[in-house]
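Colleague: My questions will all concern the structure given below.
Read-outs throughout are calculated quantities, based only on the coordinates presented, and are distinct from any laboratory measurement. These figures come from a predicted structure and were not determined experimentally. Here Cβ is always computed from backbone atoms with ideal geometry, including for glycine, and neighbour counts include all displayed protein chains.
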Amino acid sequence: MNPKLLIFDLDGTLIDSRADIANATNHVLQHYGLPALGMDTITRFIGSGVRQLMAAAFDYLQAIQPSTEEIVTLFNEFYSRHYCEYTKWYPGAKETLQRIDQQVILTLATNKPRLFTDPILKKLGGIHFFKSIVCGGDDAPKKPDPTGVLRLLKEYDVPPSEALFVGDSLIDWQTCQAAGGIDMAYADYGFLGPNPDGFIPTYSLQSLAELMDLFSF
């Protein structure tokens, strides 16, 4: 049976935004006289928001972290000017959304702030695909808290058993479990590669286009 509601993560699932996030992270580190980190290292810290990302970067360098608010401001100021210099759709992502747009309710649940989520999707020509978008910093806690996802289920009157979450992290899987056991399709192609955390998703995707093989869209 096809799901009635698809809930997508953004970074590492639909878009490859690693380079722009890494550049903003290194801008902050170098502001404080610290060395830049490699993109693969920074990628491991992405997923829970800027505060956690920068805290992990300072911890990795065994450096004393300055004011959190100052760090977030520096990051956001830089990222707001460079949020889509290298960011791009994963191969087949936009085409898949185009093919299933009229056949299933498409929504988005990301920990990325709306300040950046909406402009990136507009720049990439994809914001119109999503009926609803839940972002970090909205009036619901960030994932893995299920509040935002539960609101999507309620908004479209879809039980957890008839929804599918497409994501690339343990945080996404924990969100699915907390939201009533929503099936998850894990993006093996995403930021962390094939499931390094050992949880068992319902499906594993080598590309987003494989959704077309799993369901009769």
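Colleague: If the only charges are +1 at each Lys and Arg Cβ and -1 at each Asp and Glu Cβ, what is the size of the charge dipole of the chain around the Cα centre, to the nearest 20 debye?
Modeller: Result for the chain is approximately 340 debye, rounded to the nearest 20.
Colleague: May I pose another question? Semi-axes, largest first, in whole Å: what does sqrt of 5 times each Cα gyration tensor eigenvalue give for the stretch 18-82? Present the calculation step by step, with values, prior to reporting the outcome.
Modeller: Values: eigenvalues 41, 38, 26 Å².
Working through the eigenvalues yields semi-axes of 14, 14, 11 Å.
Colleague: For the chain, what is one quarter of the convex hull surface built on the Cα atoms, given in nm²?
Modeller: 11.2 nm²
Colleague: How much mean residue ellipticity at 222 nm does the chain get from its helices, if each DSSP H run of length 4 or more adds -39500 (n - 2.57) and you divide by all residues, to the nearest 500 deg cm²/dmol?
Modeller: Numbers: 9 runs with 85 residues, N = 217.
Counting only the DSSP helices, I get -11500 deg cm²/dmol.
Colleague: With the contact rule set at Cα under 8 Å and sequence spacing of 6 or more, what percent relative contact order holds for the stretch 18-82?
Modeller: Computed value for the stretch 18-82: 38 percent relative contact order.
Colleague: Here's something else I'd like to know. Just tell me which lysines come within less than 22 Å, Cα to Cα, of LYS122; anything on the same chain fewer than 8 places away is out.
Modeller: Candidates past the 8-residue exclusion: LYS88, LYS94, LYS112, LYS131.
Colleague: Right, here's the next one. By how many degrees, 0 to 90 and rounded to 10, does the Cα axis of helix 114-123 deviate from the longest principal axis of the chain?
Modeller: 70 degrees
Colleague: At ALA63 and TYR32, where each label point lies 7 Å from the Cα along Cα→Cβ, what is the point-to-point distance in nanometres?
Modeller: 0.6 nm
Colleague: Another question, then. Report relative contact order for the chain in percent, whole number only (criteria: Cα-Cα under 8 Å, sequence separation at least 6).
Modeller: Relative contact order for the chain comes out at 28 percent.
Colleague: Still on this structure, I have one more. How many nm is it between the label spots at TYR156 and LYS123, if each spot is 7 Å from the Cα in line with the beta carbon?
Modeller: Between TYR156 and LYS123, the simple spin-label model gives 2.7 nm.
Colleague: Also, quick follow-up: So what is Rg over Rh here for the stretch 1-124, counting just Cα atoms and using Kirkwood for Rh?
Modeller: 1.03
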